[in-house]
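The values are calculated or read from the model by the stated rules, or taken from the named source; none is laboratory data. Note that the structure is predicted; figures quoted are calculated from it, not measured. A quick note on method: Cβ atoms are made from the backbone with ideal geometry, for glycine too, and the neighbour counts reach across all protein chains shown. Heavy atoms of the whole protein, side chains included, go into the accessibility calculation; ligands, DNA and RNA do not. Shrake-Rupley method; radii C 1.70, N 1.55, O 1.52, S 1.80 Å.
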Amino acid sequence: MSWAKVSTVCLLALIGPEALAASGTLQQSFLQPMGPVAEEQFTHLLRVVGITMVVILPVLVGVPFILWRYRYAKPRGDYTPEWEFSKGLEYALWGVPVLVVAVLASWLWYSTEKLDPYKQIGPDPLQVQAIGLDWKWLFIYPDEGIATVGELAVPVGRPVELTLTTDTVMQSLLIAPLTGQIYAMPGMTTKLNFSATRTGEAEGENTQFNGDGFGRQKFTVRALAPADYTSWIARGKSGLTLDESTYGTLRRQTVLTDARGDLGLAKRAEPIIMTLGQPDIFRQIVAKYHNEKSAGERWGGTGLPQSNSKGAGE
């Protein structure tokens, strides 16, 4: 880590995440934590920076001091041109780095165990299913009976268990202010557990390059107060229905704006909220890659999604 990066991290730590979030814009970094996972990542970074300073600061201070004392000031010390070994100096040069590596390794082990993405944050987590498409994210709320594209809303204070897959190439989901990065593949599922401790909006994205629309495959994560979350759920109980036909349209290689146009909505960069046509859509989409009851012929099949020449370029 460069000195400039270290300085930036220390400055951000002094300012505090609350002040950084005051601008109201989408938060894009774990330096602005909105939940316990990102808070632990931020704390881990500060620990790493702090222990690294044990090595860096003596060099930054010692080199100018040695130059001043033995070169530019009045020469001091004995002249010993045959000197070649110092036991104390060797202990310091080898012992401190070994100690630093041991401490960093133990902290990394601790954080890795604590941030296991499959470990639930608390009881009764909100179940959300995520499907990566080209070039958008579809989120299904099976218990609430709704689905969204381009927006993920979660209630503050309640754990969330996100189950992921993709219906195209491998993708990777990241919501930096809330949780870490995790990969997803077609025909397979993975899990990501997190929670929000305060209200706000964050940016989620796909970090695995997957074609022309990669740069626009982002979504908004809204951490809402419980009452606001209930109102948000009620708002999604009308309008479009997510069924096989609608899903076939979403599976095309389009960004959010063009997907809205294909569904007969205004072509704006706004989320799509739908009612679930049936509760087991996610399971069927995963199952079609395993030829379960000819599911491969349904839900858009398992081949390359239909391209849309207008999609990513507009």
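The figures follow:
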| quantity | calculated |
| --- | --- |
| Calculated P(r) tail over 20 Å for the stretch 55-166, as whole % of Cα pairs | 69 percent |
| Relative contact order (%) - criterion: Cα under 8 Å, at least six apart; region: the chain | 18 percent |
| Percentage relative contact order, the stretch 60-155, counting C-alpha pairs under 8 Å, at least six apart | 11 percent |
| Probe 1.4 Å, accessible area per residue of the stretch 207-252, Å² | 49 Å² |
| The stretch 85-117-the stretch 197-250 distance, computed between alpha-carbon centres (Å) | 42 Å |
| FRET efficiency estimate (nearest 0.05) - Cβ-Cβ, E297 to K267, R0 35 angstrom | 0.70 |
| Packing rank of 263-275, 103-115, 190-202, where each peptide gets the mean count of other beta carbons within 10 Å, highest leading | 190-202, 263-275, 103-115 |
| Relative pair counts by distance (%), Cα atoms of the chain, 10 Å bins | 5, 22, 27, 18, 11, 7, 5, 3, 1 |
| The chain - percent of accessible surface contributed by carbon and sulfur, probe 1.4 Å | 60 percent |
| Shape category assigned to the stretch 186-245 from the gyration tensor of Cα positions, a/c cut at 1.5 | oblate |
| Distance (nanometres) between label positions extended 7 Å along Cα→Cβ at M185 and W68 | 5.8 nm |
| Alpha-carbon Rg/Rh ratio, for the stretch 126-233, with Rh computed the Kirkwood way | 0.94 |
| Table column - 3J(HN,Hα) (Hz), the stretch 268-284, Karplus curve with 6.51, -1.76, 1.60, x for Gly and Pro | 10, 7, 10, x, 10, 10, 9, 8, 6, x, 7, x, 10, 4, 4, 4, 5 |
| For the stretch 204-308, alpha-carbon Rg over 2.2 N^0.38 Å | 1.19 |
